[in-house]
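Engineer: Can you keep this structure in mind? I'll have questions shortly.
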Amino acid sequence: MSASVRIGIVGLGRLGRRHAENLALRVPGAALVAAASPIPEERAWAEATLPGVTTYPGLSELLGHPGLDAVWLVTPTSLHADQVIVALEAGKHVFCEKPLALETADCDRVIAVADKRPGQLVMIGFMRRFDPAYAEAKRLITAGELGNVFSISCRSEDPVDPEGFFVRFAPTSGGIFLDCCIHDIDLVRWMLDGAEVSSVSAAGSRIMYPALGDCGDVDNGFATVTFKGGQVATFHVSRTSHRGYEAAMTISGTAGGLDIGRSVPRRPVAVETGGCRRIEGQVDFFERFGDAFLQEARAFVAAVQTGGPTPSSIADAREATRLACAMREALVVG
Ligand code: NAI
């Protein structure tokens, strides 16, 4: 292994560019040496923006880059499982955006290959674990400060998008539970230390984006998960927020509770006049979680340099997919 971890990124879209800039400029020990996209404009962006990076049209060409240690996948979700397998079989460590796959059976195919290659790391991008607020909640629970946690309520909301981006994105994203709720599912399991699930129920509505019906998706999803230890978690995921991006969680325990991220203002100013309270600006996704993406990247590179393990396991990623699939199925069958 070279002193720096030599990384090739695949996928330079909405999120891939952010990862690429972090890896090129802000992650100690990382050397971004290659970038792949089938879209010529994205390759031109990489050549102009990322110093010393060689570009390729796809994963197979990028794997030929000399001396690569790790592959960083930020591609459409429907490609993840096969691409992780190809990268592992080429002998690389793999970071892959969430979710690992759209079906549990595909996660199992990945795990079967990863199990044969214990020296290679695989980490799935559950970056909220690196957000200071969620990390502090986990620390307080582990320290016993909330007593026995018996209820967690999660809300993740994307702003209303007049362009309907989510409608175009939905056919490859797996729908709102796999694409969006998967973060809260992973967090709840993390907070409850991998507690075993006993039941899942779900409901949903298409209130503003009826075209999501073409792929069975909804713009507001609701789910309840009960655990064998008696804990209950509720989830609300939405594409129709009028207050900007929001990721909130309320945790209740026998000795205390806490709230994360309710309507975090862009500026810490709330103006109160005439009996009204006005919060200035709306937080967008990268303002809320930009730093978490950076910390996540640093954690993966550090894990590769020290020989692992990664902070979250591939088994966790499988279980998150399994629960999100159960929510998707519960939505359909009632
Ligand atoms: P996007 O559609 O903007 O970008 C996808 C990119 O993948 C394309 O621009 C292209 O560069 C590449 N690509 C497409 N087809 C390819 C192929 N056949 N071979 C190689 N590369 C190909 O999508 P976006 O929003 O960047 O999402 C990518 C992934 O990141 C998804 O899995 C999504 O779930 C995940 N994501 C995670 C977030 C988080 O909160 N952690 C937030 C947003 C996305």
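The values are calculated or read from the model by the stated rules, or taken from the named source; none is laboratory data. Here the structure is a predicted model, which means the values were calculated and not measured. In this analysis, Cβ positions are derived from the backbone assuming ideal geometry, glycine residues included, and neighbour counts consider all displayed protein chains. To get the accessible areas, we keep the full protein, side chains included, count just its heavy atoms, and leave off ligands, DNA and RNA. Shrake-Rupley method; radii C 1.70, N 1.55, O 1.52, S 1.80 Å.
Engineer: Which residue, of Ala223, Ala248, Ala211, is surrounded by fewer than 16 Cβ atoms within 10 Å (Cβ to Cβ) and either small (Gly, Ala, Ser) or free of Cβ contacts under 8 Å to residues at least 40 places away in the same chain (or both)? Quick ask: steps written out before the conclusion?
Structural biologist: Numbers: Ala223 fails: surrounded by fewer than 16 Cβ atoms within 10 Å (Cβ to Cβ); Ala248 fails: surrounded by fewer than 16 Cβ atoms within 10 Å (Cβ to Cβ).
Going through Ala223, Ala248, Ala211 in turn, just one is surrounded by fewer than 16 Cβ atoms within 10 Å (Cβ to Cβ) and either small (Gly, Ala, Ser) or free of Cβ contacts under 8 Å to residues at least 40 places away in the same chain (or both): Ala211.
Engineer: When only residues in the stretch 170-180 that are surrounded by 16 or more Cβ atoms within 10 Å (Cβ to Cβ) and within 10 Å of the ligand (Cβ to nearest atom) count, which is nearest to Phe235 (Cα to Cα)?
Structural biologist: Filtering first and then ranking leaves Cys180.
Engineer: Can I ask one more? State whether the residues of the stretch 24-44 include one that is in contact with a helix residue (DSSP H, G or I) (Cβ under 7 Å, 6 or more places away or on another chain), under 18 Å from Ala303 (Cα atoms) and in a helix (DSSP H, G or I).
Structural biologist: No: zero hits.
Engineer: Test of understanding: among Ala297, Ala324, Ala292, which residue is within 12 Å of the ligand (Cβ to nearest atom) and in contact with a His (Cβ under 8 Å, 6 or more places away or on another chain)?
Structural biologist: Ala297
Engineer: Applying the selection to the stretch 128-167, what residues are basic (Lys, Arg) and either in a helix (DSSP H, G or I) or within 13 Å of the ligand (Cβ to nearest atom) (or both)?
Structural biologist: If we filter the stretch 128-167 for residues that are basic (Lys, Arg), which is where we start, we get 128-129, 138-139, 155.
Residues satisfying the conditions are Arg128, Arg129, Lys138, Arg139.
Engineer: Hey, can you tell me all the residues within the stretch 13-34 that are touching a strand residue (DSSP E or B) at 6+ places or on another chain (Cβ under 7 Å) and near the ligand (Cβ under 9 Å from one of its atoms)?
Structural biologist: Leu15, Gly16, His19
Engineer: Looking at the stretch 298-313 only, could you name the residues that are in contact with a helix residue (DSSP H, G or I) (Cβ under 6 Å, 6 or more places away or on another chain) and not polar (S, T, N, Q)?
Structural biologist: Scanning the stretch 298-313 gives a single hit, Pro311.
Engineer: Considering each residue of the stretch 113-127, count those that are more than 12 Å from the ligand (Cβ to nearest atom), assigned to a helix (DSSP H, G or I) and open to solvent by less than 30 Å² (accessible area, probe 1.4 Å), and give that number.
Structural biologist: Residues that pass the stated criteria total 2.
Engineer: Out of the residues in the stretch 100-112 that are within 14 Å of the ligand (Cβ to nearest atom) and open to solvent by 20 Å² or more (accessible area, probe 1.4 Å), which is nearest to Val304 (Cα to Cα)?
Structural biologist: Asp106
Engineer: Could I ask something else about it? On the basis of being surrounded by fewer than 14 Cβ atoms within 10 Å (Cβ to Cβ) and more than 14 Å from the ligand (Cβ to nearest atom), does Glu89 make the cut?
Structural biologist: So Glu89 passes the test.
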